[in-house]
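Visitor: I am attaching a structure below and will ask some questions about it afterwards.
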Amino acid sequence: MAEDFILETRNLVKEFKGFVAVNGVDLKVRRGHIHALIGPNGAGKTTVFNLLTKFLAPTRGSIHFNDEDITSAHPAQIARRGIVRSFQISAVFPHLSVLENVRIALQRMLNTSFHFWRSDRTLDALNGRALELLAQVGLESFADMVAVELPYGRKRALEIATTLALEPELMLLDEPTQGMGHEDVALVRDLIKKVSANRTVLMVEHNMGVVAGISDTITVLARGAVLAEGAYDAVAVNPLVIEAYMGTEVEELASPAGH
């Protein structure tokens with residue numbers, strides 16, 4: 001049986017005035033899997049994400065989603081197809097409640113997504129679904145709290161709820177645990193695992209404990225090219241990967257916290 005890849009890049013290249021930031025990347029993301037993109041600083045991870053979500057146009061190569069070539073698609077078309085990047089819609093409105101934030105993300109269900117501020121009565125129809133999404137990410141008891149008052153980890157949970165509101169088929173999570181303490185990291189790691197049911201997740205992540213704990217497949221980038229790919233245990237002992245990371249990060253790679 002042929003493997004089912006939801007996303008593929010073929011010889012993806014991005015050059016900036018002669019500097020090759022992404023160099024011939026062939027990425028294959030299996031449907032229903034959690035796929036992590038890792039690598040040392042400057043490896044090209046964020047540039048790959050920007051190419052996938054059409055914030056940048058590739059110099060060469062192609063991007064395929066559900067077997068369709070989306071290389072020339074615009075960012076809005078990408079989102080409508082079901083590829084949603086966490087920060088695209090996760091700019092939380094700090095002075096609105098947690099529930100109101102999710103209702104705004106749900107507005108497209110009423111075909112009012114371009115009429116941003118609607119009367120409360122119009123949006124009340126979305127309360128049931130908004131509360132369901134908050135329950136999914138463990139925020140139902142925070143529904144009336146003003147978003148700015150949420151602890152950091154819970155704020156990321158709210159961002160994931162607003163991402164889920166767009167019913168993504170493929171979620172792109174860009175550094176979901178960045179800047180978090182241990183407790184928040186555990187909360188968000190478990191949340192990613194939970195919401196990955198029935199959808200595909202591609203994430204850029206530095207925390208090796210998170211990567212080891214929930215990823216099905218890991219692609220390691222270095223200097224814009226794929227250095228290694230596979231399950232965590234195989235990648236972590238790959239001499240090329242160890243050499244690319246060097247120093248203290250190698251220790252993290254070999255024995256991640258919580259693995």
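Throughout, read-outs are computed from the coordinates displayed, never taken from laboratory work. Note that the structure is a prediction, hence the values are computed from the model and not measured. FYI the Cβ positions are ideal-geometry reconstructions off the backbone, even for glycines, and counts take in every protein chain you see.
Visitor: Estimate the FRET efficiency between His95 and Phe16 by the formula 1/(1 + (r/R0)^6), using the beta-carbon distance for r and 41 Å for R0, to the nearest 0.05.
Guide: Plugging the Cβ-Cβ distance into 1/(1 + (r/R0)^6) gives 0.65.
Visitor: Would you kindly state how much longer the chain becomes between Glu68 and Asn41 on full extension, computed as 0.36 nm times their sequence separation minus their alpha carbon distance, in nm to one decimal?
Guide: Answer, rounded to one decimal: 6.6 nm.
Visitor: Can you tell me the order of 146-153, 206-213 when each peptide is scored by its average per-residue count of other Cβ atoms within 10 angstrom, highest first?
Guide: Averaged packing, sorted descending, gives the order 206-213, 146-153.
Visitor: Can you give the alpha-carbon Rg of the range 26-95 over 2.2 N^0.38 Å, where N counts its residues?
Guide: Here the Cα radius of gyration is 1.20 times the empirical estimate.
Visitor: Okay, next question. Apply 1/(1 + (r/R0)^6) to the Cβ-Cβ distance of Ala76 and Ala231, taking R0 = 35 Å, and write down the FRET efficiency to the nearest 0.05.
Guide: Using R0 = 35 Å, I get an efficiency of 0.50.
Visitor: Please work out the FRET efficiency for the pair Leu240 and Glu140, using the Cβ-Cβ distance as r and a Förster radius of 41 Å; give the result to the nearest 0.05.
Guide: Working from the Cβ atoms, E equals 0.35.
Visitor: Once you compute Rg and the Kirkwood Rh from C-alpha atoms, what is the Rg to Rh ratio for the range 1-60?
Guide: That ratio is 1.00, to two decimals.
Visitor: Moving on. If you average the alpha carbon positions of the range 1-40 and of the range 123-182, how far apart do those two centres end up, in angstrom?
Guide: Cα centroid of the range 1-40 versus Cα centroid of the range 123-182: 27 Å apart.
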